[in-house]
Each structure stands twice: as C-alpha cells, then as structure tokens.
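Shown next, in structure tokens, is the structure this report addresses.
The values are calculated or read from the model by the stated rules, or taken from the named source; none is laboratory data. Values in this document were obtained by computation on a predicted structure and should not be read as measured data. Please note: Cβ atoms are built from the backbone with ideal geometry, for glycine as well, and neighbour counts cover all protein chains shown.
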Amino acid sequence: MSLLSGDSKTMAQLSSSNPKAGNSAPEALALNTAGEQEKRAEKRFRELASSLSEERAKTISMLRTSVSEVDSDSMVQCSSSSKRKAGNAAYKTDPPTPEALALGTADNDQEGHVTKRTRELALSLSEEYICAITQELMVDPVTTDDGNTYERMALQSWLETSTKCPLDPSVTIDPNRLISSRAIFKSIEKLVNSGNIDEGIRSEWLARKKKVGLAKAQKFFAEGKVLEAAKLGLSTAQAYMSDNYFFGTNGFEKDLDKSFEFATKAAEAGDSIGQFRLGYLYMSGTTKDWGTALKWYKRAAEQGCFKAATNTGSIYDEGGHGVQKDLKAAFTWYKKAADQGRYIAQYVIGIKFYYGRGVAKHLGSARGWFVLSADQGLARAQRFVGMMMVKGDGGSKSFGAGTILLEKAAAQGDEKAMEFLSDYEKLAEKALAVKALEVCA
C-alpha cells in the first residue's frame, strides 16, 4: 500500500514518530515521497546487513574450513524475526499502520537481496576449490611447484602441450611433481556434503568423482593392483577379489566373508562373474538360500555366463532350500548352457534324453549330445558314447570305435568305463571259449 493513501490518523502517527517533522499534514506528506521511502528502505537494509555481519563472518570462516552447516536462509530469517519482534514490541497492542506494513514489504524485499547476496558469497568462497583450467570444483586436486592447485586430469592434458603454469607463464611445471592434495579434497568433499552449494553443482561433482575414481581403478587394475582397483569401485576387480578370497589364490587367504562382500558389490554393479560367485555362495554356503541364488544365477546367465545357466538347471533339478523341483525348467536351463558349448551341460542333456527326465526319451538325441561332450574330453561322456557304439544304441554299432572311447574314459580314471571293459572282456573270452568248444565238437 502507498504511504500517500493513509488517513489523517495514520499521518499523525507517522509524523509523531519523526522528531524532525512538525505536526502539519504537508510535512507528513513530504516525508512520504518516493525519495524518502527509498532512503528509509536503504537505511533499514544497511541496518539489517550490519546485524548480519557477525553471523556472515562466522559463515565465511566455516565455509573456508568446509565444515559449514549454517543455512543462509535460516540466518536471514532469524535476523528478520528479531527485527519483527522488536517492531511488535514498539507497537505494543496497537495494530501496525499501513505505512508500517509498506515499510515491512520493503524490508522483505531487502531481506531477499541479502539472502541472495549471502548465497552468492557462500558460492564465491568455493572458488579456492575451483580448478583454474576447468572452472569446476576439483575431484582430484594436485598441487604443483608453483604453489597452485589444479584438477589432475586437466593439468595433465595441459602439460601435454605446454609446461608453463596456466596462471603464470613465467613459471615452469614439472609433470613428474604433481602432489595429490588430500586435505583440499576432503575440504571440497565436506563443502559438497554441507548443503551450501547448488544441488546441480553437487550432483555434477559426485558424477565426476565417480568417473575419476573408476579411471584410477582401471589404471590400478591394468597394473595388477586388483585390490586397490576393487576398493575404488571397479566391478571387474571386485569380482576378481571375490574369487581370490573364495579360492585363497594370488596371495590372499581363503575368506568366504570377504568373498561374499566383494561378490555382492560386483554383482550389484552388474558384473556377471560377481553375480555367478554370489549365486554360488548362496547355493553352497552354510545358510543356503537357493531362491536368492537363482536370482543372481539368472542375471549372470542373461549376460552369457554358461556356468550360471548350468547351475540354475542343477537347482531346479534337485529342488530344495526354498525352490521347488522342476525337471522341465531344469532341462530348459541346461539346454541354454549346452547350446553355448558347455560340455557339462551337454553331458547332462544327453542324460536327460537317455533316461527321459524332463523330456521324452530319445537315444539318438542322447548319443548326439554325448558325442559333443566327449569331443571336449569329458570322461563320463566318452564312456556313454563308447557303450552306445558297442551296443549300437541310438545309432550304428561300432565295436572298435566304442572300445577306444571306453579306454580313453578309463585312462582318465572313470571306474564305470573300467568295469564295462572288464565285463566285456570276460564276455568276449567266454564267447571265444564257446566257439572253441563248438569247433572241437
């Protein structure tokens, strides 16, 4: 509301509040010109800004050490609240006049300016953490011989074409003397987490931090520093570490708890090896949970992990620990692995067709899958193919070729192949004896 629209009572109140004003209406009106109102608002603003000086200094100090938790808005609101309380005390029980309401509106506008300026100040304080090259908050700050701090990757790119300091061309920077500044990084991290910077800037910084971390991790992994890479979040390295702790290899002692920890991280990041290992730990651990094992096996299988498909089939084949037995589902998953050339799965598919488990019995199909597995050297598959060839099951009969495969299986320690050969030799000897007796007769 304009000050010029007040009634005579209001004018009198305003006049009496100004010691330099007389009691006449013209003098009161003169005080309420646009220029006078502007002066009053400016005065009130200066008073408000002055009252904030102590809090602002405190905020600056806290932001510079990156542990600020002071909200600029709260600071202004608190100050303006005090102002309003003081004003209300002056009015006592009288309601605020239109002129006072108008001044209050001006105060609110000025408070908005102060809030904006305070936020700008908070943001400007982060400039000491901004790389001079990228003009972004640093995620991997390094200090150089010139005493300045830069983003590592940006400075390394700069030094590929020039060894001169980006801020002072008269200074030369040694690319081999880039010192990581952990203290500055921690300060930046605290500033980002304090909530005193724009959410967009915060999100962008976190994304770059993750990207830089992964780049470091990949470098470590290429250098054979698998554990360091895993700690930085590289899922491939985490999967490797899970296997290292599972088997107790590559200098690491067997530790199933650590294997589970790294497998979980790798699996959740989408690594198929980590997903397989996590599934296996749920499948074979002390506390078995085959339902969860299936979840991770299937995710790994979807990415082409044939071992996971095979084990999925195995869980359905046996059933238990929260999973219902399902021979048809087992056949389906074994088939997926067999189609990818997994010789164990090929052998199992052969068994399924041979005995008719989860699928119609078919000796020809069984023999075909056994052959594929036997060609990859699996002793059990060689035994089945050998027996079927000797007997003529599921295809042509071939005593010689069948015997060779049985001998290969026996040479690998397959006891059933040994037994079959032994029994067959006895039968052969008996047959020869019968023929000899027939000749003699």
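If you go through region 142-182 and keep only what is closer than 19 Å to LYS209 by Cβ, surrounded by 13 or more Cβ atoms within 10 Å (Cβ to Cβ) and not hydroxyl-bearing (Ser, Thr, Tyr), you end up with VAL142, GLU151, ARG152, MET153, ALA154, LEU155, GLN156, LEU178. Pairs are defined by a Cβ separation below 6 Å, a sequence spacing of at least 6 or placement on different chains, a first member in region 150-163 that is modelled with pLDDT under 90, and a second member that is assigned to a loop (DSSP other than H, G, I, E, B); the pairs so defined are THR163/ILE173.
Checked against (1) within 19 Å of SER235 (Cβ to Cβ); (2) modelled with pLDDT under 95, LYS288 passes all but condition (1).
For region 396-406, filtering for residues that are surrounded by fewer than 15 Cβ atoms within 10 Å (Cβ to Cβ) and either in a helix (DSSP H, G or I) or touching a Lys or Arg at 6+ places or on another chain (Cβ under 8 Å) (or both) leaves 5.
Taking only pairs six or more apart or across chains, which ones have beta-carbon atoms under 6 Å, a first residue in region 243-265 that is closer than 11 Å to LEU281 by Cβ, and a second residue that is part of a loop (DSSP other than H, G, I, E, B)? Final answer for the pair search is TYR245/PHE252; TYR245/ASP255.
Could you tell me whether ALA360 is closer than 30 Å to MET388 by Cα and modelled with pLDDT of 95 or more? Break it down stepwise before answering.
Working: closer than 30 Å to MET388 by Cα: yes; modelled with pLDDT of 95 or more: yes.
Spelling it out, ALA360 is indeed closer than 30 Å to MET388 by Cα and modelled with pLDDT of 95 or more.
Sort out which residues of region 242-283 are exposed (fewer than 14 other Cβ atoms within 10 Å of the Cβ) and within 13 Å of TYR297 (Cα to Cα), and write them in order of number. GLY270 - this is the single residue of region 242-283 that is exposed (fewer than 14 other Cβ atoms within 10 Å of the Cβ) and within 13 Å of TYR297 (Cα to Cα).
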